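Asks: Mind having a look at this structure? Questions to follow.
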Amino acid sequence: MTRVFLLAALFTAAMPAPHANGQFTGKNGPLIFEAEKVTTPADGWLADKDSATKWTLWSTDSDAAKKWSGGVVLRSPIVKQDRATPEDGAPPLHTHITGIPHGRYEVTVRMGRTLAVSRDGKSWERLTDGYLGVVEVKDGTFDLWVDDRYAHVASPGAGYYDYIKFMPIPPRIAKKPVKGFAKTRVREPLDHGLIARPAGEGRVYVGWRLLASDPSDVAFNVYRSCDGKPAAKLNAEPIRKTTDFVDTTAPAGVACEYAVRAVTRDGEGKPSPAARATASAEAQSCVVIKLDEGVKFQKVGIGDLDGDGRYDFVIKQPEDNIDPAGSYWKRSPDTYKLEAYSHDGQRLWRKDLGWAIERGIWYSPYVVFDFDGDGRAEVAVKTGEGDPRGPDGRVETGREWISILDGRTGKERARAPWPSREIPGEGYNYNWSSRNQLCVAYLDGKTPCLIVERGTYTTIRLDAYQFHRGALKKLWSWDSREEIGRGKYNSQGAHTTHAADVDGDGRDEVVIGSAVVDDNGHGLWSTGFGHPDYIFVGDIDPQRPGLEIFYGIEPPRAQNGLCLVDAKTGELIWGLQEPTGHVGSDGVCADIDPRYPGAECHANDIDRERKFRKSWVFSAKGELISDQRMGSLGLTAYWDGDLYREIVRGAKLNKFDGAIVPPNIVGRVVAIADIVGDWREEIITSAPGELRIYSTTIPATDRRTCLMQDPIYRIDVAEAAQGYYGVPTLSVLPSAGAPKH
């Protein structure tokens, strides 16, 4: 996962990139005041000399010009524990600024570790994140007292005071609720997704979808036809309890066709599209789609490209990934290609994304979804033009687009500008600007809208579009700096973006990370906890009303580095009550332990050397289940006959208690989703030259509506074609919801 820079553990309010003239300028841009130029007493510090009773004006730090504005910083003496009074240690410093234009500002301090600050020189507070809040300046002046009174809990040492930044708060412009083109909610026209798989011992497993549109009392009959003979019904009574069937009488070595017919009060319906299988001694749970020889893919988008009611696939290959951050970056050796395949393995088209898109996840987001409601999925993808690479191979110039490709042909149908690389008023930084994501959100509850995102670690910008009548129409734009107290929205981005109706108004909100943007393009809430490496949104605790969000927060925290919050308000429900160094490795939120209601929440912590430090598994209520290292829990799937997910560890599927569940998995897991058969999930892997789809052949014990018709789950599956992968979550957990009979 992306690790920004080593100073992230200590330093907050990252310095904006200077313009070419070295000044922080720009219309509506920030006002920057160097601490040493607006602070007294001047004899309160020594130049490049350490002292136990004075500050140091430090300019000899390694790479000082890169770390500190102007190459210098005020550094306190080492503080190992809190001091009794401000006068102990170095003297309090008084920052007095004049000439600030009248207005409202968000004020932040570029700093390191913990500082004591005072607004009046008398009452003191502990400052660790650099955020001073929103200040209204009326007389052009601002005062702040800074001291070395408090120790930094996570790593005691010297405190650092670099500069104060005033970001003007523009007038808030009201945005109207979205009114998209759709009159009713756009839904995929799925068929019953019939599959037939050899189940071993001469048996054939047959499974199919239960659709939300099926009558509640629907039952099914299963038919088999072999050697061209008329189809024969296999079940004595219509099947009601499950949506699967095991054929124990299939002729050995003969390819047979299976079909199902729905049975309602009106009689028996038409047969489903047929599925073929041959009974054998060995179970065969995998279907293989052949790719070009040796090709391994990084991502897969899932959608019905041709409108036949069956899911098709759009892969991005090859599988390697380049990160924009510092030493992680390297020159792209070649370009990414998008390839579309039908459900039965026919290649439909191929698109080379070209040299304008570097070969990494953050440069190349795409999603597959039916955006215009015509029953066929489009492909939304970030694109560029030509070969804009610089001498070192970085792409820092050239036009950028959000493009809509026809799902059947790959031809571009529409495009609109991607948010600019340069942040208005703040300038440009290659690492920050290279963070791009996409998401689908039903902003009006009916229309599938496209969310285009730039930014994760600093300013975050969103553009919302609808695709209608062959054109992209912008619905609203959002900038994390436009919010009152927007410092709590800046830098709150995650490595994936989610959408869900978190406030119950029938419209989706956009979960960008530790903050949520409302359906109308205004900030809804922010925890201010910082960048999460992963987030899971759903009904994690079924015993609480509404939805919850589980976070693993990457930056070091004294507490709440792993936490559960209320999705409607952002209010903390529970959090880890111990310090963390870097939560993010192998996180998951899934219903894997039947002893506890709801989904279990897991995270690992690593130290500064990126070595394993600690592991936790909590119940949905925040009860500690285990703090022992348990191996990988990051991938889970509904697979066997119960209502709990199994853990996918390499080639094996395990239950939470360690029991192994068949089969063995070949290839790297790329996606987990309910794409065929009954409500249990498929596991999609990438193996050399193959896209492999694994389906369970274990008989079910009940039936449930296809998971892809759950709104949160379906969007999770769509957005998993970009960003870091996390298993999809649900509006209602199977263990908490009654089966549909």
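The values are calculated or read from the model by the stated rules, or taken from the named source; none is laboratory data. Computed from a predicted structure; not experimentally measured. Here Cβ is always computed from backbone atoms with ideal geometry, including for glycine, and neighbour counts include all displayed protein chains. Ligands, DNA and RNA are stripped out before the accessible areas are found, and what is left, the full protein with its side chains, is counted by its heavy atoms. Shrake-Rupley method; radii C 1.70, N 1.55, O 1.52, S 1.80 Å.
Asks: Would you confirm whether or not the range 407-425 contains a residue that is open to solvent by 40 Å² or more (accessible area, probe 1.4 Å), under 21 Å from the mean Cα position of the chain (by Cα), within 30 Å of V134 (Cα to Cα) and not charged (D, E, K, R)?
Replies: First, the residues of the range 407-425 that are open to solvent by 40 Å² or more (accessible area, probe 1.4 Å): 408-409, 411-413, 415, 417, 420, 422, 424.
Adding the requirement that they be under 21 Å from the mean Cα position of the chain (by Cα) leaves none.
Taking every residue of the range 407-425 in turn, none turns out to be open to solvent by 40 Å² or more (accessible area, probe 1.4 Å), under 21 Å from the mean Cα position of the chain (by Cα), within 30 Å of V134 (Cα to Cα) and not charged (D, E, K, R).
Asks: Can you confirm whether A212 is in contact with a helix residue (DSSP H, G or I) (Cβ under 6 Å, 6 or more places away or on another chain), surrounded by 12 or more Cβ atoms within 10 Å (Cβ to Cβ) and among the small types (G, A, S)?
Replies: Working: in contact with a helix residue (DSSP H, G or I) (Cβ under 6 Å, 6 or more places away or on another chain): yes; surrounded by 12 or more Cβ atoms within 10 Å (Cβ to Cβ): yes; among the small types (G, A, S): yes.
For A212, the condition - in contact with a helix residue (DSSP H, G or I) (Cβ under 6 Å, 6 or more places away or on another chain), surrounded by 12 or more Cβ atoms within 10 Å (Cβ to Cβ) and among the small types (G, A, S) - is met.
Asks: Return the pairs, sorted by first residue and then second, in which the second residue is surrounded by 14 or more Cβ atoms within 10 Å (Cβ to Cβ) and hydroxyl-bearing (S, T, Y), the first residue lies in the range 225-245 and is closer than 20 Å to R704 by Cα, the beta carbons are less than 7 Å apart, and the residues are 6+ apart or on different chains.
Replies: Close Cβ pairs (under 7 Å, with a partner that is surrounded by 14 or more Cβ atoms within 10 Å (Cβ to Cβ) and hydroxyl-bearing (S, T, Y)) amount to D244/Y205.
Asks: Just the residues that are open to solvent by less than 10 Å² (accessible area, probe 1.4 Å) and not in a strand (DSSP E or B), please, taken from the range 437-461.
Replies: L443, T447, G455, T456, T459, I460 - these are the residues of the range 437-461 that are open to solvent by less than 10 Å² (accessible area, probe 1.4 Å) and not in a strand (DSSP E or B).
Asks: Test of understanding: among A651, A637, A620, which residue is surrounded by fewer than 16 Cβ atoms within 10 Å (Cβ to Cβ), more than 29 Å from S155 (Cβ to Cβ) and not acidic (D, E)?
Replies: Values: A637 fails: surrounded by fewer than 16 Cβ atoms within 10 Å (Cβ to Cβ); A620 fails: surrounded by fewer than 16 Cβ atoms within 10 Å (Cβ to Cβ).
Only one candidate passes the filter, namely A651.
Asks: Is it the case that the range 146-168 has a residue that's under 26 Å from L450 (Cβ atoms), within 33 Å of the chain's Cα centre (by Cα) and in contact (Cβ under 8 Å) with a residue 60 or more places away in the chain?
Replies: Residues of the range 146-168 that are under 26 Å from L450 (Cβ atoms), as a first pass: none.
Checked the range 146-168: no residue is under 26 Å from L450 (Cβ atoms), within 33 Å of the chain's Cα centre (by Cα) and in contact (Cβ under 8 Å) with a residue 60 or more places away in the chain.
Asks: If a residue counts only when it is modelled with pLDDT under 95 and small (G, A, S), which strands (runs of 3 or more DSSP E) contained entirely in the range 577-695 have at least 2 such residues? Can you show your working first?
Replies: On the way: elements: 583-590, 600-606, 612-618, 624-626, 636-638, 645-649, 652-654, 668-673, 682-687, 690-694.
Answer list for the range 577-695: 583-590.
Asks: Can you find a residue that is touching a Pro at 6+ places or on another chain (Cβ under 7 Å), basic (K, R) and on the phi < 0 side of the Ramachandran plot anywhere in the range 296-304?
Replies: So far as the range 296-304 goes, yes, one or more of its residues are touching a Pro at 6+ places or on another chain (Cβ under 7 Å), basic (K, R) and on the phi < 0 side of the Ramachandran plot.
Asks: Kindly evaluate V295 against the criterion of being of a type in the set (V, I, T) and either open to solvent by 40 Å² or more (accessible area, probe 1.4 Å) or over 30 Å from G667 (Cα atoms) (or both).
Replies: Working: of a type in the set (V, I, T): yes; either open to solvent by 40 Å² or more (accessible area, probe 1.4 Å) or over 30 Å from G667 (Cα atoms) (or both): no.
Criteria not met by V295.
Residues checked against (1) of a type in the set (V, I, T); (2) open to solvent by less than 10 Å² (accessible area, probe 1.4 Å):
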residue	(1), (2)
T335	yes, yes
L338	no, yes
L348	no, no
G354	no, no
E358	no, yes
D370	no, no
G373	no, no
R376	no, no
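Asks: In the range 50-89, what residues are surrounded by fewer than 16 Cβ atoms within 10 Å (Cβ to Cβ) and part of a strand (DSSP E or B)?
Replies: Taking the range 50-89 first, the residues surrounded by fewer than 16 Cβ atoms within 10 Å (Cβ to Cβ) are 50-53, 59-60, 62-66, 71, 78, 80-82, 84-85, 87-88.
Answer for the range 50-89, where residues must be surrounded by fewer than 16 Cβ atoms within 10 Å (Cβ to Cβ) and part of a strand (DSSP E or B): just I78.
Asks: Go through the range 331-358 and give me each residue that's touching a residue at least 40 places away in the same chain (Cβ under 8 Å) and farther than 30 Å from A196 by Cα.
Replies: Matches in the range 331-358: R331, S332, K351, W355, A356, E358.
Asks: May I ask you to say which residue of R276, R265 is touching a Cys at 6+ places or on another chain (Cβ under 8 Å) and open to solvent by 60 Å² or more (accessible area, probe 1.4 Å)?
Replies: R276
Asks: Also, quick follow-up: Using the structure shown, decide if D162 is charged (D, E, K, R), at pLDDT 95 or above, closer than 25 Å to T458 by Cβ and touching a helix residue (DSSP H, G or I) at 6+ places or on another chain (Cβ under 9 Å).
Replies: Details: charged (D, E, K, R): yes; at pLDDT 95 or above: yes; closer than 25 Å to T458 by Cβ: yes; touching a helix residue (DSSP H, G or I) at 6+ places or on another chain (Cβ under 9 Å): yes.
The answer is yes for D162.
Asks: Can D702 be described as farther than 30 Å from A441 by Cβ, part of a loop (DSSP other than H, G, I, E, B), charged (D, E, K, R) and open to solvent by 40 Å² or more (accessible area, probe 1.4 Å)? Outline the logic, then answer.
Replies: Numbers: farther than 30 Å from A441 by Cβ: yes; part of a loop (DSSP other than H, G, I, E, B): yes; charged (D, E, K, R): yes; open to solvent by 40 Å² or more (accessible area, probe 1.4 Å): no.
Answer is no for this residue.
Asks: Residues of the range 310-331 being over 19 Å from F371 (Cβ atoms) and open to solvent by less than 10 Å² (accessible area, probe 1.4 Å), which ones?
Replies: I315, I322, P324, A325
Asks: Determine whether R224 is basic (K, R), open to solvent by less than 40 Å² (accessible area, probe 1.4 Å) and either more than 30 Å from D50 (Cβ to Cβ) or modelled with pLDDT under 95 (or both). Break it down into steps so the answer makes sense when it comes.
Replies: Details: basic (K, R): yes; open to solvent by less than 40 Å² (accessible area, probe 1.4 Å): no; either more than 30 Å from D50 (Cβ to Cβ) or modelled with pLDDT under 95 (or both): yes.
So R224 fails the test.
Asks: Given the residues P555, P542, which is the only one that is touching a residue at least 40 places away in the same chain (Cβ under 8 Å), closer than 24 Å to I423 by Cα, open to solvent by 30 Å² or more (accessible area, probe 1.4 Å) and assigned to a loop (DSSP other than H, G, I, E, B)? Don't jump to the end; show me each part of the working.
Replies: Numbers: P542 fails: closer than 24 Å to I423 by Cα.
Answer to the check: P555.
Asks: For the range 496-521, how many residues are in a loop (DSSP other than H, G, I, E, B) and open to solvent by less than 20 Å² (accessible area, probe 1.4 Å)?
Replies: First, the residues of the range 496-521 that are in a loop (DSSP other than H, G, I, E, B): 501-508, 514, 518-521.
Narrowing further to those that are open to solvent by less than 20 Å² (accessible area, probe 1.4 Å): 502, 508, 514, 519, 521.
Total meeting the criteria: 5.
Asks: I've got another one for you. For the range 200-233, how many residues meet the condition of being assigned to a loop (DSSP other than H, G, I, E, B) and among the charged types (D, E, K, R)?
Replies: So the first thing to find is which residues in the range 200-233 are assigned to a loop (DSSP other than H, G, I, E, B), and the list is 201-202, 208-209, 211-218, 227-231.
Filter once more, so that each one left must be among the charged types (D, E, K, R): 201, 209, 214, 217, 227, 229.
So the count comes out to 6.
Asks: Any residue in the range 462-473 that is at pLDDT 95 or above, open to solvent by 20 Å² or more (accessible area, probe 1.4 Å), within 22 Å of the chain's Cα centre (by Cα) and closer than 24 Å to A720 by Cα?
Replies: Within the range 462-473, the first condition is being at pLDDT 95 or above, and the residues that meet it are 462-473.
From what's left, open to solvent by 20 Å² or more (accessible area, probe 1.4 Å): 468-473.
Remaining after also requiring within 22 Å of the chain's Cα centre (by Cα): none.
There is no residue in the range 462-473 that is at pLDDT 95 or above, open to solvent by 20 Å² or more (accessible area, probe 1.4 Å), within 22 Å of the chain's Cα centre (by Cα) and closer than 24 Å to A720 by Cα.
Asks: From the list F33, F24, which one is at pLDDT below 95, under 45 Å from the mean Cα position of the chain (by Cα) and of a type in the set (A, V, I, L, M, F, W, C)?
Replies: On the way: F33 fails: at pLDDT below 95.
The unique qualifying residue is F24.
Asks: Please work out if R104 is touching an Asp or Glu at 6+ places or on another chain (Cβ under 6 Å), charged (D, E, K, R) and open to solvent by 40 Å² or more (accessible area, probe 1.4 Å). Outline the logic, then answer.
Replies: Values: touching an Asp or Glu at 6+ places or on another chain (Cβ under 6 Å): yes; charged (D, E, K, R): yes; open to solvent by 40 Å² or more (accessible area, probe 1.4 Å): yes.
For R104, the condition - touching an Asp or Glu at 6+ places or on another chain (Cβ under 6 Å), charged (D, E, K, R) and open to solvent by 40 Å² or more (accessible area, probe 1.4 Å) - is met.
Asks: If you don't mind, there's one more thing I want to ask. Taking the range 558-617, which residues are open to solvent by 10 Å² or more (accessible area, probe 1.4 Å), among the hydroxyl-bearing types (S, T, Y) and under 21 Å from Y725 (Cβ atoms)?
Replies: S585, the sole residue that qualifies.
Asks: Among S434, S477, which is the only one that is out of contact with any Cys (no Cβ under 9 Å at 6 or more places or on another chain), surrounded by 20 or more Cβ atoms within 10 Å (Cβ to Cβ) and of a type in the set (S, T, N, Q)?
Replies: One residue alone meets the criteria, S434.
Asks: Let me ask you something else. Return the pair list, or none, for Cβ contacts closer than 8 Å from residues in the range 725-737 that are at positive phi to residues that are buried (at least 24 other Cβ atoms within 10 Å of the Cβ), at least 6 apart or on different chains.
Replies: Taking only residues 6 or more apart or on different chains, not a single pair turns up.
Asks: A follow-up question, please. Among the residues of the range 172-213, how many are of a type in the set (S, T, Y) and touching a residue at least 40 places away in the same chain (Cβ under 8 Å)?
Replies: Narrowing the range 172-213 to residues of a type in the set (S, T, Y): 184, 205, 213.
Subset that is touching a residue at least 40 places away in the same chain (Cβ under 8 Å): 184, 205.
Count: 2.
Asks: Answer with yes or no whether G307 is more than 26 Å from the chain's Cα centre (by Cα), open to solvent by 10 Å² or more (accessible area, probe 1.4 Å), on the phi > 0 side of the Ramachandran plot and not hydrophobic (A, V, I, L, M, F, W, C).
Replies: Working: more than 26 Å from the chain's Cα centre (by Cα): yes; open to solvent by 10 Å² or more (accessible area, probe 1.4 Å): yes; on the phi > 0 side of the Ramachandran plot: yes; not hydrophobic (A, V, I, L, M, F, W, C): yes.
Spelling it out, G307 is indeed more than 26 Å from the chain's Cα centre (by Cα), open to solvent by 10 Å² or more (accessible area, probe 1.4 Å), on the phi > 0 side of the Ramachandran plot and not hydrophobic (A, V, I, L, M, F, W, C).
Asks: Let me ask another. It is to be established whether one or more residues within the range 410-420 are touching a residue at least 12 places away in the same chain (Cβ under 8 Å) and touching a helix residue (DSSP H, G or I) at 6+ places or on another chain (Cβ under 6 Å).
Replies: Within the range 410-420, none of the residues are touching a residue at least 12 places away in the same chain (Cβ under 8 Å) and touching a helix residue (DSSP H, G or I) at 6+ places or on another chain (Cβ under 6 Å).
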